[in-house]
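The values are calculated or read from the model by the stated rules, or taken from the named source; none is laboratory data. Source: prediction; values computed, not measured. In this analysis, Cβ positions are derived from the backbone assuming ideal geometry, glycine residues included, and neighbour counts consider all displayed protein chains. For accessibility, only protein heavy atoms count, side chains too; no ligands or nucleic acids. Shrake-Rupley method; radii C 1.70, N 1.55, O 1.52, S 1.80 Å.
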Amino acid sequence: MPRPLLNQWQTDDGQTELSIDNLIIINHPDDAERISKLHVKKAPIFKSLLNDSIISTTDNDDWKNQRGEMNMSFLPNTTLKNIFHVSRDIAKDISKVIIKMSDNYNKPVDMSDFFLNETQAQLQKSLFGFSDDFEKKTNKRIRNVFAGINTEYLDEFVSRALKQTKISSGPASQLFNGENRLKDIGNMILFSFAGHDTTGHTLTWLLYELCKHPHYKKRLIKEIDDYWLKYREPTYETFNELSFMTRCITETLRMWPALANGTYRELERDDSITGIDGEKVNLKKGTYVQIMNFTRHRNPELWEDPHIFNPDREFKDKEIWDHKGFGYYNVQSDRFSPFAYGPRNCLGKNFSHMEMRLILLNLFKFHDFKLSDEQMATIDDPKYMGINTFTMGPADIKGGLLGMYINVYHRKSKI
């Protein structure tokens with residue numbers, strides 16, 4: 001489906017020009033995965049903001065070099081295991097934060113703000129190894145920038161964060177060597193946004209659906225209680241025992257993909273796709289395409305009852321780690337691509353899965369949740385589909401940008 005796109009993209013020689021291009025939106029499952037894998041080159045949609053970061057570079061060789069270097073900072077059985085204890089310790093303080101935000105359980109909490117705060121803290125202190133002081137001073141301010149508030153702070157944050165990488169030992173800090181400052185700036189902006197925003201939104205939508213479906217919430221709490229009865233503290237090796245948690249996360253990624261817009265590519269050779277009526281449509285080399293996630297994830301021809309949260313639905317093998325609790329390969333199929341398709345899939349997907357499980361384990365350990373009266377009104381509103389600001393988060397019913405208001409209750413766990 002072609003759409004005229006007015007853009008101000010950066011050209012290969014570094015200039016910015018205003019133009020109108022045809023953007024072909026790809027929804028058909030036969031095309032989505034194939035196009036993503038065969039046409040690796042990105043459309044230059046993010047270059048004006050992110051320079052030649054790993055997500056925005058249009059040079060395939062540059063992308064391969066960056067990917068090769070960055071992969072070492074996200075290896076599940078080595079790098080992530082080595083920082084697991086840091087993430088675990090951060091998650092231990094969740095109860096203190098949630099009690100304070102709820103005024104000792106007396107008022108609803110904006111759980112969108114809560115989760116975005118926690119995932120930004122995980123990103124800075126665990127993945128980058130930044131100090132507690134730096135994280136506390138910058139967490140809210142940089143998140144405000146991404147919400148369009150006091151955007152002038154971005155340059156200051158990036159400058160200070162790049163200096164922090166020189167004195168920090170986290171795996172992500174090792175990626176910023178100063179050889180190409182523009183590339184470092186682009187990657188720091190990318191990591192600071194995508195490294196917390198997508199995970200925070202996924203956790204918010206998951207809690208929203210669990211509150212809408214308390215029988216699933218009860219099952220998850222039982223699995224979490226059983227886990228805590230068995231283990232005094234979480235370990236990386238035991239996450240494969242949280243199989244229902246994985247089902248809940250996977251179903252949330254289907255229903256509420258943080259990257260609802262999917263990915264953008266430039267065709268590297270002539271190709272063809274399936275048109276609206278099933279006819280073959282030929283596309284020329286250089287055509288810009290968008291491989292959407294949201295439309296395939298909710299397509300009734302591909303999923304049974306796609307608008308209903310059902311963690312027990314029948315996922316295909318590669319959509320859910322062979323039905324085990326924790327795995328490492330990129331979950332995907334022709335109808336499902338929450339972390340995009342390889343080879344340019346999400347670099348931080350395994351870190352995201354690790355921190356989500358730690359946060360959920362600690363969140364439900366002593367707490368239960370129920371939608372506030374105002375938030376409850378959204379569950380029967382077909383127009384409440386979130387707000388898409390590059391990533392898709394919960395629209396604030398109180399007039400702000402993002403927000404999800406939920407009552408928090410202390411519960412007596414079985415531990």
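For this structure, a couple of remarks:
- Rounded to whole Å, the principal axis extents of the Cα atoms in segment 219-365 read 59, 31, 23, largest first.
- Sequence-distant residues sharing a close amide H with Leu75 (under 5 Å, placed H): Leu80
- Entries in Lys284/Lys349; Lys81/Lys125; Lys41/Lys163 that, when Cα-Cα distance is taken, lie over 21 Å: Lys284/Lys349; Lys41/Lys163
- Å² of accessible area per residue within segment 57-202, as computed with a 1.4 Å probe and no ligands counted: 44 Å²
- Pairwise Cα distances in segment 257-306 exceed 17 Å for 51 percent of all pairs.
- Largest to smallest in accessible area, the residues Phe390, Phe176 fall in the order Phe390, Phe176 (1.4 Å probe, all protein chains included).
- Kirkwood hydrodynamic radius computed over segment 166-231 comes to 15.3 Å, based on all pairs of distinct alpha carbons.
- Cα convex hull of segment 323-392 - mean projected area over all directions, nm²: 7.4 nm²
- Amide H contacts of Gln332: Glu319, each under 5 Å away and 5 or more positions distant or on a separate chain (H built 1.01 Å from N in the peptide plane; Pro and chain starts excluded).
- Accessible carbon and sulfur surface of the chain relative to its total accessible area, %, 1.4 Å: 50 percent
- Rounded D (µm²/s) - segment 91-175, Kirkwood Rh over Cα pairs, Stokes-Einstein at 25 °C, 0.890 mPa s: 177 µm²/s
- Amide H contacts of Asn407 (H built 1.01 Å from N, under 5 Å, at least 5 apart or other chain): Val109, Lys370, Leu371, Ser372
- Within the chain, the ratio Rg/Rh, alpha carbon atoms throughout and Rh by Kirkwood, equals 0.95.
- Per DSSP, loop trypsin sites (Lys or Arg not before Pro) in segment 310-415 with at most 16 further Cβ within 10 Å: Lys316, Lys324, Lys383, Lys398, Arg411, Lys412, Lys414
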